[in-house]
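Notes follow once the structure below has been shown.
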Amino acid sequence: MPRVDVVNVSKNFGVIQALSRVNLTVDDGSYVCFLGPSGCGKTTLLRIIAGFIEPDEGDVYIDGKSMKGIPPEKRGIGFVFQDIALFPHMRLVDNVSFGPEVRRWSYKDALKAALSCLEKVGVDLDHSIYPMEVSGGVAQLVSIARALAVKSKLLLLDEPLGALDPKMRIYMKYRLREIVKSFGLTAIHVTHDQDEALSIADKVVVMRRGKIIQTGSPRELYWKPKSLFVAYFVGEANVIEVVARYSDGSYIADGGGFKLVCGWVPNPIEEGRRAVLAVRPEAFRIIDQPMEKNTLRVEVSSAKRIGRLLHLDILLPGSIHVKAKIQSDTNIEPGSKIYVKIPEDRCFLYPYPKGGLEEEISPV
């Protein structure tokens, strides 16, 4: 299971800076997702690791070995594309055995490897059929088997679920992780889908404008975002302009009509300065009676139930609209007034961005 180190990698395409001094370590045996908006540099970084693109500066190391001048086929990697690039004129088994045969394996060994990989990824159909005779999900499993048949220990996946229908995407994101772990692989997976990254990865790398903004576990990124951009881009977040207060060792978001103690403040903020409060919809809790801290009386504008989850539009004191998602069996009608509590560690406070709020949370 190889470790991958990206050291000071930069890449320009004409006047466009795709990557700027990127540093990253992918531990052996880990499943890592590169997550970010379109054009952030995640696919460029993946292709530099693969060897399809040379960096202008910096280097990539696989198991401590520099990849400068090493072509893709010599790097010991398997690559899976969004477009399911199977040869339409070849049977499924021949598609998988193609890589070993190109590497001058005997026909017997190539066929054995192909059949073994097809079995391990869960393709139990007649292997003599052709790609156009199977679903998109099965075809992508075949393409994964093909990437693994040459005994790759590093699997690179570029939007591998992008061409699948929604139901198949849900199945495949969990199946992908099972395959990677069962083969003992290191995997790097590019996606712009937050749910996909948070569901599948050991570590998520959030990128924006050619730079890595934050790396961490899915839980860490969701509940301890180091920047307002990460809080807004990863999952959902209500963002509210407030004034920062500091009292008794705690930061307080002063929204005029309400005050909330904030337990996650990654950067210091001066007393009385403009700030931004971010609260995830899942942070709200319905309570029967007001409590001392972080309790608000709110009005419900709209309510929609999906299973046990209530999707609420609520009006905070000061006429501020926010969204809440609450686990509850209680029916709540629009126009109702209820008490909600937001735990301190679920209130994130950030300095007001110099370029303005809209520019800071923009995905471009």
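Annotations
- Of all residues in the stretch 247-258, those satisfying the criterion of being part of a strand (DSSP E or B) and over 11 Å from Cys347 (Cα atoms) are Ser247, Ser250, Asp254.
- For the stretch 94-125, the tally of residues that are surrounded by 13 or more Cβ atoms within 10 Å (Cβ to Cβ), free of Cβ contacts under 8 Å to residues at least 40 places away in the same chain and polar (S, T, N, Q) stands at 1.
- Matching residues, the stretch 199-210, being in a loop (DSSP other than H, G, I, E, B) and closer than 18 Å to Phe233 by Cβ: Ala201, Arg209, Gly210
- Top-ranked residue of the stretch 40-83 - restricted to ones that are at positive phi and without any contact (Cβ under 8 Å) to a residue 60 or more places away in the chain, ranked as farthest from the chain's Cα centre (by Cα): Gly69
- Just one residue in the set Glu299, Glu292, Glu271, Glu282 is part of a helix (DSSP H, G or I) and farther than 18 Å from Lys226 by Cα; that residue is Glu282.
- The residues listed here are Val265, Val261; of these, the one that is farther than 17 Å from Pro353 by Cα, modelled with pLDDT of 95 or more and among the hydrophobic types (A, V, I, L, M, F, W, C) is Val261.
- Across the stretch 217-233, the qualifying residues are those that are farther than 24 Å from Ile269 by Cα and of a type outside the set (Ser, Thr, Tyr), and the one among them that is farthest from the chain's Cα centre (by Cα) is Arg219.
- For the stretch 302-330, the set of residues classified as among the hydrophobic types (A, V, I, L, M, F, W, C) and either over 27 Å from the mean Cα position of the chain (by Cα) or farther than 16 Å from Val239 by Cβ (or both) consists of Ala303, Ile306, Leu309, Leu310, Leu312, Ile314, Leu315, Leu316, Ile320, Ile326, listed by residue number.
- Looking only at residues in the stretch 66-83 that are assigned to a loop (DSSP other than H, G, I, E, B) and in contact with a strand residue (DSSP E or B) (Cβ under 7 Å, 6 or more places away or on another chain), the one that is farthest from Leu148 (Cα to Cα) is Lys68.
- Residue list for the stretch 1-39, filter: in a strand (DSSP E or B) and either loosely packed, with under 14 Cβ neighbours inside 10 Å or at positive phi (or both): Asn8, Phe13, Ile16, Arg21, Asn23
- Remark: Leu309 falls outside the filter, which requires a residue to be crowded, with 18+ Cβ neighbours inside 10 Å and assigned by TED's automatic domain parsing to the domain that holds Ile338.
- When we screen Glu299, Glu282, Glu333 for residues that are over 29 Å from the mean Cα position of the chain (by Cα), at pLDDT 95 or above and surrounded by fewer than 20 Cβ atoms within 10 Å (Cβ to Cβ), the only hit is Glu299.
- Which listed residue, of Gly29, Gly58, Gly36, is in contact with a Ser or Thr (Cβ under 7 Å, 6 or more places away or on another chain), within 22 Å of Lys173 (Cα to Cα) and not aromatic (Phe, Trp, Tyr): Gly29
- If the condition is being under 18 Å from Phe183 (Cβ atoms) and among the small types (Gly, Ala, Ser), then the stretch 119-133 contributes only Gly122.
- Of all the criteria given as (1) more than 23 Å from Gly235 (Cβ to Cβ); (2) free of Cβ contacts under 8 Å to residues at least 60 places away in the same chain, the one not satisfied by Met172 is (1).
- Residue in the stretch 308-322 that is at negative phi, in contact with a His (Cβ under 8 Å, 6 or more places away or on another chain) and among the basic types (Lys, Arg) present: no
- Of all residues in the stretch 147-198 being among the acidic types (Asp, Glu) and not in a helix (DSSP H, G or I), the one that is surrounded by the fewest Cβ atoms within 10 Å (Cβ to Cβ): Asp165
- Residue within the stretch 134-144 that is of a type in the set (A, V, I, L, M), more than 15 Å from Ser182 (Cβ to Cβ) and buried (at least 22 other Cβ atoms within 10 Å of the Cβ) present: yes
- Glu358 being in contact with a strand residue (DSSP E or B) (Cβ under 8 Å, 6 or more places away or on another chain) and acidic (Asp, Glu): no
- Any hit, the stretch 194-216, residues being modelled with pLDDT under 90 and hydrophobic (A, V, I, L, M, F, W, C): no
- Candidate set from the stretch 336-364 (those that are over 27 Å from His192 (Cα atoms) and assigned to a strand (DSSP E or B)); member that is farthest from the chain's Cα centre (by Cα): Lys337
The values are calculated or read from the model by the stated rules, or taken from the named source; none is laboratory data. Source: prediction; values computed, not measured. Backbone-built Cβ (ideal geometry, glycine too); neighbour counts: all protein chains shown.
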